[in-house]
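Scroll down for the structure; my scribbles are underneath it.
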Amino acid sequence: MNPHFESIADGLADNGYAVIDQFLSPKEVSDILSCDGFTINSTSFKRAGIGKSNSLQIKEEIRGDYIQWLDKATAPQAIQIYLQRIDLLVRYLNEALYLGLKDFESHCTVYPAGTYYKRHLDQFKTNNHRKISVICYLNINWKEELGGQLRMYLSEKSIDVFPIAGRLVCFRSDQIEHEVLPATCERLSITGWMLDQIVE
């Protein structure tokens, strides 16, 4: 069993979130960043929108990131290693917390310098299948003065999590509002959601 899984389950059960450092090793982070196309200049990255399907809208005043959806079958090997680890985590959380999770969807994410994502919940008004949000950061040698932190709003306080390479953040999609604060340089991650339905 992965040594981090128990801490993630405990954090989700006790607080609704967990922050784990070194979920990916430095080499695993470097291998992902070396994948073809993991750059905002790639044509495979598209500006992210608000809403789903027919209601999708591009609103730069709300979010400024670019995304590339991942296919488990065709993702580069370096990214598949991460996705396989998340699949194992889904199984572990089902056994430990009885969450009824059935699948995982994810995309590569690039926030250009100065962009942000305003406070929100990770659920659509017409779709509540996202149960656990999962973010793995890929920013080597990140310093706090660069900004770019994830701010999670808890019942009595907010906490800031900086996007340090290899760090994994998991939280309840239906309970924890959050925002991404602007950074002074580009900010990279793989962002995803554990679902209670199969992705079609």
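Just so you know, all these numbers are worked out from the coordinates, no wet-lab data involved. From a predicted model like this one, the values you see are computed outputs, not experimental measurements. Heads up, the Cβs are rebuilt from the backbone with ideal geometry, glycines too, and the neighbour counts pull from every protein chain shown.
Descriptive notes on the structure:
- Meets criteria (of a type in the set (Lys, Arg) and either in contact with a Gly (Cβ under 7 Å, 6 or more places away or on another chain) or crowded, with 18+ Cβ neighbours inside 10 Å (or both)) for Arg167: yes
- Among the residues of the range 111-135, just one is assigned to a loop (DSSP other than H, G, I, E, B), surrounded by fewer than 18 Cβ atoms within 10 Å (Cβ to Cβ) and among the charged types (D, E, K, R), namely Lys125.
- Condition check for Ala96: without any contact (Cβ under 8 Å) to a residue 24 or more places away in the chain, among the small types (Gly, Ala, Ser) and either crowded, with 20+ Cβ neighbours inside 10 Å or out of contact with any Cys (no Cβ under 9 Å at 6 or more places or on another chain) (or both): no
- Close pairs (9 angstrom Cβ cut-off, 6 or more residues apart or separate chains): in a strand (DSSP E or B) in the range 141-160, surrounded by fewer than 12 Cβ atoms within 10 Å (Cβ to Cβ) and of a type in the set (Gly, Ala, Ser) anywhere: none
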